[in-house]
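Data first, discussion second: the structure below is written as C-alpha cells.
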Amino acid sequence: MSSSHPDIALPRLIAHRGLAAHAPENTLAAVRAAHEAGCRWVELDVQLLGDGTPVIWHDATLSRCSDGNGRLAALDLAAARRLDVGSWFGDAFRGERMATLNEMLELLLERNMGVNMELKVTGKRSGTELAEAVVPRLLEALPAERLILSSFDRLALQHARSLADASLLPIGVLTESVPHKWRFRCESLDAFSIHTDWTRLTAHRANEIKAAGYRLLCYTPNDPAAFANRWAWGVDSAISDDPTLFDSIAPPPGEARA
Ligand code: G3P
Ligand code: MG
C-alpha cells in the first residue's frame, strides 16, 4: 500500500444509507437522524438522473422507496422532485424529497460529517459517466479525511482514480466476497480500503488485508453479538443500518480486540 493516503479517523460504526433502520434510506432526514444518533460517518449511494443530475439513491427503480414507479434514469430533476420519498417509511417522513448530491454535501458539511459515497452502477449504466459527474463535486466539497469513494464497479473506480490521486481521493474496493486477486485490485487503484459483506469474510483474508496496511470495512451487520469476533479479526469499521445497537459492544477505534 502506498503511504500517500490521508490519515482518516474512521469511527467503528458508519450509518448505512443514512440511518436506514430509523429513517427513509439515503435521504437528508436519514443523515440528520444519523447525526442526532451520534454517528460521525454515513454510507450513501449516488446515481445520475436521466438529465445527468447526481442524486442520492440506491435502486435502479423508484417503487421501493417512493410513491413513483419506473426507472430513476427516466427522470429529470423536476420529475424527481415531485416524488414523495418518505411516506413509504412512515407518516413522520411524508413530503421528504429526493436529495441531490449537492444538497447532501451541504448537509454533511453543516454537520461536520464524513461520508463513504458509493458509486451505484445499476444495469447497463455507465460507471465512467457516474464517476465523471460525481468525483469533481466530492473533491470540491470535502477534505480527503472525511471521504471514501467506493463502488462494486471496476470501471467507475478506475475512472475516479484517473481524476485524483490517493492523497486527495481515498478509494474503497467494494466486494461481496474478497476475491483471490484482492491485492492486485487494491494496488492497481491505489486503494485505501476494502469493503466486504461481513458474512463472507474469513479470518485468514482479514489478516492478509490488515497485514498489507489496508483499512477493512464490513457491510451490513445489524447483530452486534453475531459480529463480535470480526473486531478481533481486525475489522476497522462496520457499516450498519443501526449503529446505536453496537454502542456498548464495539471496541474503541484503533483497538483490534473487543
Ligand atoms: O457500501 C456498502 C453497501 O452499501 C453495499 O451494498 O446494496 O447496500 O449498496 P448496498
Ligand atoms: Mg451502498
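Taken over region 6-30, the residue count meeting the criterion of being out of contact with any Asp or Glu (no Cβ under 8 Å at 6 or more places or on another chain), outside any loop (DSSP other than H, G, I, E, B) and in contact (Cβ under 8 Å) with a residue 24 or more places away in the chain is 1. Taken as a whole, region 70-85 holds no residue that is within 21 Å of the chain's Cα centre (by Cα) and either charged (D, E, K, R) or farther than 14 Å from GLN47 by Cβ (or both).
Of ALA34, ALA74, all but one fail to be within 15 Å of ligand 2 (Cβ to nearest atom) and either over 26 Å from LEU157 (Cα atoms) or without any contact (Cβ under 8 Å) to a residue 40 or more places away in the chain (or both); the exception is ALA34. Checking each residue in region 41-52 for being away from ligand 2 (no atom under 14 Å from the Cβ) and buried (at least 19 other Cβ atoms within 10 Å of the Cβ) picks out LEU48, LEU49.
Scanning region 150-204 for residues that are part of a helix (DSSP H, G or I), farther than 22 Å from ARG230 by Cα, of a type outside the set (A, V, I, L, M, F, W, C) and in contact with a Pro (Cβ under 9 Å, 6 or more places away or on another chain) yields a single hit, ARG185. For region 181-220, a tally of residues being of a type outside the set (S, T, N, Q), out of contact with any strand residue (DSSP E or B) (no Cβ under 8 Å at 6 or more places or on another chain) and more than 16 Å from ligand 1 (Cβ to nearest atom) returns 11. Quick one: is GLY86 surrounded by 15 or more Cβ atoms within 10 Å (Cβ to Cβ), in contact with a Lys or Arg (Cβ under 9 Å, 6 or more places away or on another chain), free of Cβ contacts under 8 Å to residues at least 60 places away in the same chain and in a loop (DSSP other than H, G, I, E, B)? Considered against the rule, which asks whether it is surrounded by 15 or more Cβ atoms within 10 Å (Cβ to Cβ), in contact with a Lys or Arg (Cβ under 9 Å, 6 or more places away or on another chain), free of Cβ contacts under 8 Å to residues at least 60 places away in the same chain and in a loop (DSSP other than H, G, I, E, B), GLY86 comes out as no.
Where a number appears in this text, it was derived from the coordinates with a stated rule and is not lab data. Small disclaimer: the values here were computed from a predicted structure and weren't measured. All Cβ positions, even for glycine, are placed from backbone atoms using ideal geometry, and neighbour counts span all protein chains on display.
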